[in-house]
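Remarks on the structure that follows.
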Amino acid sequence: ADEPWLQGVDLAAYLDCAREQNVTLLQAHRAGDRPGAAENSIGAIEASLADGAVFIEIDVIQTRDDALVLLHDRTLERTTTGAGRVSEITLAEFSALRLVDLNGQTLAEAPPTLAQVFDTLDGRGIAQIDLKGVPIATIGAAIEAADAADRSIVITYSIDDAIALHQLLPDVMFSVGIDDLAELEPLIDANVDLSRMTAWLGANGTGNPTLDVQLAERGIETSYGDFRGEREGTVDYEFMASNGAEVISVDNVPAAAAALDANARARVLLAACPASR
């Protein structure tokens, strides 16, 4: 997992190749936590990269002194040894906390900063960034400061936000929820380069195969998840992969990676895709 196999990758071209060759890549939801590795932690990121996840979905929030750090909740209690709101403590206070895993075990690891995550992912994985109240301009500045445009996808929650992000950072890929083709019109009208986007089709377990085909005809990749199915033990990763998406977002990265031979397939895809270099 230490080998920087993704160094210099052209992410848009790599995703195009995944679509053209029917390869499904894995995204580790909240970094793919597991016992001994808390969500949104470097430990979980390292484990998920070793399993074969290419995309690491992370939640980014600001401290009182405007540092960008990883935490899903606005409050500290669930996943750290702290209490209260992230927005009311400093980076130094945040970094003194320790993470708590899904079994309630306190770990030796502190919750990380976004800069640490960018360093960890350099040449090894792609950050799929979920903003928890962080302005688009702020995340844009952080991506530029880390020279991390090649290893970032920013999740946007509206077509307007997607347009704003693209106008600010035309080289950075973004994800946006799409329910029907008509939603592409405002993006096209705003001269958004559709090769920089991926379409999120929801966490409904089936995606949207009809829309997936229509988007593929326009060169747009898709992703979806089945978090409920994973919780309830009914998830079928092979079915999810066969249902059109280039990226599936999963909580149980080891199980999904084993079912889809994700580690080997991601690397074989890159080797077979000269355009992505």
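Only the coordinates and a few stated rules stand behind these numbers; no lab work does. Just so we're clear, the structure is a prediction, and the values are computed from it rather than from any experiment. Every residue, glycine among them, receives a Cβ derived from its backbone with ideal geometry; neighbour counts consider all protein chains shown.
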- When you count, for each residue, the other Cβ atoms within 10 Å and take the mean per peptide, how do 90-102, 50-62, 120-132 rank with the highest first? 50-62, 120-132, 90-102
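Mind putting a number on the dipole of the chain about its Cα centre? Charges go on the C-beta only, +1 for Lys and Arg and -1 for Asp and Glu, and I need it in Debye to the nearest 20.
So the magnitude is around 460 debye.
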- Sorted by mean Cβ packing within 10 Å, highest first, what order do the peptides 206-218, 167-179 take? 167-179, 206-218
- Message: Under the √(5λ) rule applied to the eigenvalues of the Cα gyration tensor, what semi-axes describe the equivalent ellipsoid of the chain? Give them in Å, descending.
- Response: 28, 22, 18
- So how strong a dipole does segment 158-277 carry about its Cα centre when Lys and Arg Cβ are +1 and Asp and Glu Cβ are -1, to the nearest 20 debye? 540 debye
- Item | Per-residue [θ]222 nm for the chain (sum of -39500 (n - 2.57) over DSSP H runs n ≥ 4, rounded to 500) | -9500 deg cm²/dmol
- Query: Picking from I58, N243, L97, whose Cα lies most toward the positive end of the charge dipole for the chain (charges on Cβ: Lys, Arg +1; Asp, Glu -1)?
  - Reply: L97
- If you find the alpha carbon centre of segment 21-46 and of segment 80-94, how far apart are they in angstrom? 24 Å
- Message: Can you tell me the length gained on complete extension of the stretch V213 to L102, counting 0.36 nm per residue apart and subtracting the Cα distance?
- Response: 36.2 nm
- Query: Can you give the angle from 0 to 90° between the axis of helix 159-168 and the longest principal axis of the chain, with both taken from C-alpha atoms, to the nearest 10?
  - Reply: 80 degrees
